[in-house]
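In what follows, a single structure is set out as structure tokens and then discussed.
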């Protein structure tokens, strides 16, 4: 069933789809990079399902960090950021990596410095909701988590952890059951 | 996570992803979303794909790239999406995730595993704008 222009995205994030569709325009003459950037940016601002944008999915320290990428199918040029700290506009920073550098992926605090140099505002990404999620996780003995072959036993205890030294004592403590679902996904 | 692909009226294509990742991750962890070929991949000669689910697994098996290459070999978007998940399931049978795929002419499809169902959003003229499509996994 062919029909162009078109927009498709994972999950029922219809406002993001609508935004990208609007940027492409009825005649389909809008920029596809602008469409993807603005569609995903809207999701970041709306914190789609808590899985996109600030204030969601805190790490073990309670910090929210963001990953994003944008890719041009004609040139295979890519801009991306990983573990971006303290900047809300992850895909727009990725767009700046694409447009203003010859690199592909910037990460962590250095990606934050890059973003600030490109004019983005540094902000705290923590919200009351992310603080509550983190607190609840700690009160539940830090369960679930992603550690294995460490001591104390990560399936019952919080860290700090140390690696298990003896091969005999090593055990794969990570459950084979997936921890990813409709509200916890990459 | 959102993974998005846009194609304009003359076949220009772009893709992107944005996420805050897995909850309670070890600080410093990065998932599949910023890795080309994993969370998303687009090729103007073929089409594009975007994946969602367990990023630690997906970044090892590049489902978006696999789906695009399957379309390059002649598969429909739906079969290409299924094929990319099959590749993951060979190594990670408990994997939960989904892939959406779109050919450069606008044909699209999706596949999912591990969820009861998976919803994705599409907009084109034939649909009259934005429509949510739900598939059983």
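FYI, it's all coordinate maths here, none of it is from the lab. Just so you know, these numbers come straight off a predicted model, no measurement behind them. With ideal geometry, Cβ positions are generated from the backbone for all residues, glycine too; neighbour counts draw on all protein chains shown.
With Cα atoms as the point set, the protein assembly as shown shows a radius of gyration and Dmax of 19.1, 65 Å. Is any residue of the range A:128-152 close enough, with backbone N under 16 Å, to a label point placed 7 angstrom from the Cα of residue A:166 along the Cα-Cβ axis, and if so, which? From the range A:128-152, the list is A:149-152. Pair-distance distribution of the range A:87-162: all C-alpha pairs, bin width 10 Å, starting at 0; shares per bin in whole percent are 17, 29, 24, 26, 5.
The long axis of helix B:63-72 is offset from the longest Cα principal axis of chain B by roughly 30 degrees. The spread of Cα positions in the range A:1-102, taken along each principal axis and listed from longest to shortest, comes to 47, 33, 19 Å. With a simple spin-label model that places each label point 7 Å from the Cα along the Cα-to-Cβ direction, the separation between residue B:87 and residue B:26 comes to 2.6 nm.
The alpha-carbon positions of chain A define a convex hull whose volume is 169 Å³ per residue.
Modelled spin-label separation between residue B:94 and residue A:153, with each label point placed 7 Å from Cα along the Cα-to-Cβ direction: 1.7 nm. Taking 25 °C and 0.890 mPa s as conditions, the range B:1-55 diffuses translationally at an estimated 205 µm²/s according to Stokes-Einstein applied to its Kirkwood radius (Cα pairs). Averaging 1/r across all pairs of distinct Cα atoms in chain B and inverting the result yields a Kirkwood radius of 14.7 Å.
Extending 7 Å from Cα along the Cβ direction at residue B:79 and again at residue A:1 yields two label points whose distance is 1.9 nm.
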